[in-house]
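**Q** Quick one: structure below, then a few questions.
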Amino acid sequence: MSTTEIFLIAMLVIFTLPYLIWRYTNIDYFAPLVIVQIIGGVLLGPGVLGAVFPDYYHFVFTQPVVHSLNGLAWWGVMIFVMMAGIELDLKLAWNFRRESFVTAGLSLGVPLALGCLAAVILLGQHGWIGAKGMSWQFVLGIGMACAVTALPVLVLLLEKLEMLRLPIGQRILRYASLDDVAIWGVLAIIMLDWERVGRQLGFLLVFALVTIPFRKGMLKAQEKDRWYFALVWLILCALGADWAGLHFMVGAFLAGVVMDASWFNQEKMDQFRHNILLAVMPVFFLSTGLKTNWGVGGYAVFYAAGLLVLVSVGGKLLAAQAAGRILGWRAGEASIIGWLLQSKGLIEIVFANILLDKQIITNDTFTALLLMAVASTMLTVPMVAPKLAAGVAGSDELKQAGA
């Protein structure tokens, strides 16, 4: 068969298998479609399909096919990360700065500290740190992966729980937005190549200077033109960041964060995000699954994943309880906010992909982080929905969300 035919077979598997499982097994309560697609990618990777049916795996996922899938995946995740940057509302966070910075600081700092501790434990064992990773990069990278809140997935979960437009939903988005900014900032520090630091600083300087005329031009442009300009801007920023050694996804986030969500129609923005999730992101999940590996020694990956789930989920819950005491939240609010902020989803997987691409972590560490992202996201709705339905916080807005 030709490469084109095999590529189309791979695409057929990517778009049918996860959807059929999600649609006809009634598991949406525990796992949104995006989570099923991530799990599907893992199952189709070398750790499962490649181990059980190696001939089928190597027939479908040949090198030319994998390269083609990676190209689609890169483009899809660049757009997705840019949109995550656009949706950050830092002005609103500043208006409620005490509440926002206290909560965001704790929800970032506590799981970061616990995640770094878990990374030190893994660092003492063979097979977890990548070939080009330094100890501080590994520890900080794992810590930040445990501290991530997946803003785009959080939006989907808040919509599912009918909380997105409620005051508590907007508060949670503010906290997650500030954490996202910090996370990408730390990622840029981790990615710094001290041999090419001049090139990286040069990129950041040029980016800051070019952003000013870009924003002025976007304000003058019609909305239909802004969409096209945004994609060209995305490509240029990603290219510059990757050339400088910061990774193209850092550039994609920077491209989005300097754009205002008010420049675009919100309904069209939501529809565009939905279309990217529908048409392109499943390919990213598959290419992510192709990187999964159990090479450390069987179940060691699952033990590592369990440790990471414990520190990431526990860290977010402890942070929310501390913020609730400081800020005087109503009873039950801290638990709901903590569970929602601990969802990882796509951004944590993107983060882990970057660490793997730069060889800061190994395939085995990546697999553990991937399993942690899936588990934490699957826990969110089952833990939050009963609390909302019971009205545990005793507030009208939570009872309304539960209804």
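**Q** Would you rank Trp184, Trp136, Trp94 by solvent-accessible area, highest first, keeping every protein chain in place and using a 1.4 Å probe?
**A** Result, largest first: Trp94, Trp136, Trp184.
**Q** If you don't mind, there's one more thing I want to ask. Can you give the FRET efficiency to the nearest 0.05 for Lys91 and Glu162, using r as the Cβ-Cβ distance and R₀ = 22 Å?
**A** Once the sixth-power term is evaluated, E becomes 0.30.
**Q** A further question on this structure: Calculate, in nm to one decimal, what His274 and Phe302 gain on full extension: separation in residues at 0.36 nm each, minus their alpha carbon distance.
**A** This chain segment gains 6.9 nm when fully extended.
**Q** Using only alpha carbons, build the gyration tensor for the range 9-96 and give me the equivalent ellipsoid semi-axes, biggest first, whole Å.
**A** Square roots of five times the eigenvalues give 32, 19, 10 Å.
**Q** Another one. Defining a contact as two alpha carbons under 8 Å apart and six or more residues distant in sequence, what relative contact order in percent does the chain show?
**A** This gives 29 percent for the chain.
**Q** Compute the FRET efficiency between His67 and Phe101 as 1/(1 + (r/R0)^6), taking r as their Cβ-Cβ distance and R0 = 41 Å, and round to the nearest 0.05.
**A** Computed FRET efficiency for His67 and Phe101: 0.40.
**Q** Still on this structure, I have one more. How big is the shadow of the Cα convex hull of the range 115-162, averaged over all directions, in nm²?
**A** Projected area, direction-averaged: 4.3 nm².
**Q** Could you put Val197, Val374 in order of accessible surface area, largest first, with the 1.4 Å probe and the full protein assembly present?
**A** Output order, biggest surface exposure first: Val197, Val374.
**Q** How compact and how long is the chain, expressed as Rg and Dmax of its alpha-carbon atoms in Å?
**A** Just the Cα atoms of the chain yield Rg and Dmax of 20.7, 65 Å.
**Q** At a 1.4 Å probe radius, which order do Glu162, Glu267, Glu348, Glu5 fall into by accessible area, largest first?
**A** In descending accessible area the options line up as Glu267, Glu162, Glu5, Glu348.
**Q** Compute a Gaussian network model of the chain, connecting alpha carbons closer than 10 Å, and tell me which residue from Leu114, Leu209, Leu173 fluctuates the most.
**A** Of Leu114, Leu209, Leu173, the Gaussian network model singles out Leu209 as fluctuating most.
**Q** Please check: in the Gaussian network model of the chain (C-alpha springs, under 10 Å), which one of Asp179, Asp364, Asp225 has the largest mean-square fluctuation.
**A** Asp225
The values are calculated or read from the model by the stated rules, or taken from the named source; none is laboratory data. If you're wondering where the values come from, they're calculated on a predicted model, not measured in any experiment. With ideal geometry, Cβ positions are generated from the backbone for all residues, glycine too; neighbour counts draw on all protein chains shown. Surface areas here come from the heavy atoms of the whole protein model, side chains and all, with no ligands, DNA or RNA. Shrake-Rupley method; radii C 1.70, N 1.55, O 1.52, S 1.80 Å.
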